[in-house]
1. Can you name the residue in the range 29-45 that is over 19 Å from ARG73 (Cα atoms) and touching a residue at least 12 places away in the same chain (Cβ under 8 Å) and, of all such residues, is surrounded by the most Cβ atoms within 10 Å (Cβ to Cβ)?
2. Please count how many residues of the range 12-31 are of a type outside the set (S, T, N, Q), part of a strand (DSSP E or B) and either touching a strand residue (DSSP E or B) at 6+ places or on another chain (Cβ under 6 Å) or closer than 17 Å to ILE69 by Cα (or both).
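The values are calculated or read from the model by the stated rules, or taken from the named source; none is laboratory data. All values reported here derive from a predicted model rather than from experimental measurement. FYI the Cβ positions are ideal-geometry reconstructions off the backbone, even for glycines, and counts take in every protein chain you see.
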Amino acid sequence: MVSRAAGWKDGEQVWCVSHFAEEGDEHLEVEGEPPAGFAAIRDRLNKQQEEDGGADFIFNIPVDLAKEITGYRHEETPEITFDNFVKPTVFQRVFGRLRR
């Protein structure tokens, strides 16, 4: 079981957060400097894992971070509307500044 979120700029990876369950329930690999929301997500899910004692909440750190950035989570069905595809702010959030 693996989860990973990464940020790229100009074709270069600038950060990556990964969890590999085979390395242990508490495994979390952080490369570069993740976005500001990372610390709050990590702290919340670390606490939840400590309190639950048995579930692998660390898996959700990269997943929740990706959702915070993109608005998308792999296990949720996104609301697909025309606006999702034409609003520049959606594309800017996912792909960065639009180029014309």
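1. Restricting attention to the range 29-45, the residues satisfying the condition of being over 19 Å from ARG73 (Cα atoms) are 29-33, 43.
Okay, now just the ones that are also touching a residue at least 12 places away in the same chain (Cβ under 8 Å), so 29-33.
Working: GLU29: 12, VAL30: 14, GLU31: 12, GLY32: 12, GLU33: 10.
Once the filter is applied, the top-ranked residue is VAL30.
2. First, the residues of the range 12-31 that are of a type outside the set (S, T, N, Q): 12, 14-17, 19-31.
The next check asks that each one be part of a strand (DSSP E or B); those that pass are 12, 14-17, 19-20, 29-31.
In the following step, the residues that additionally are either touching a strand residue (DSSP E or B) at 6+ places or on another chain (Cβ under 6 Å) or closer than 17 Å to ILE69 by Cα (or both) were identified as 14-17, 19-20, 29-31.
Count: 9.
Yes/no per residue for (1) in contact with a helix residue (DSSP H, G or I) (Cβ under 7 Å, 6 or more places away or on another chain); (2) modelled with pLDDT under 95:
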residue	(1), (2)
GLU29	no, no
PRO35	yes, yes
PHE38	yes, no
ARG42	yes, no
GLN48	no, yes
GLY54	no, yes
